[in-house]
Amino acid sequence: MNTFLITVIVVGIVIAAMAIGVMFGRKPIAGSCGGLGAMGQDCEFGCKKPCSKRKARLAAQNPEQQH
């Protein structure tokens, strides 16, 4: 029974610490440098509305397609 209570208390402390971090507005969790973006395929699979950074990057890569 003591082990169960200690475990519940430790998990409660961890959850409280995470909540305090969110309340104080720390930097949100960000993605890693891996994934599809590292392979150059970050928006190739059905991205209907690319963000402004992506539009600028595409425009810089393909200046001849500008109207």
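The values are calculated or read from the model by the stated rules, or taken from the named source; none is laboratory data. Only a predicted model underlies this, so the values are computations on that prediction, with no experimental measurement involved. Keep in mind that these areas ignore ligands, DNA and RNA; they rest on the heavy atoms of the full protein, side chains included. Shrake-Rupley method; radii C 1.70, N 1.55, O 1.52, S 1.80 Å.
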Can you give me the solvent accessible area of LEU5 with a 1.4 Å probe, rounded to the nearest 10 Å²? 80 Å²
For GLN61 and VAL10 in one chain, what is 0.36 nm times their gap in residues minus the Cα-Cα distance, to one decimal in nm? 13.2 nm
So THR3 and LYS49, fully extended at 0.36 nm per residue minus their Cα-Cα distance, gain in nm 11.4 nm
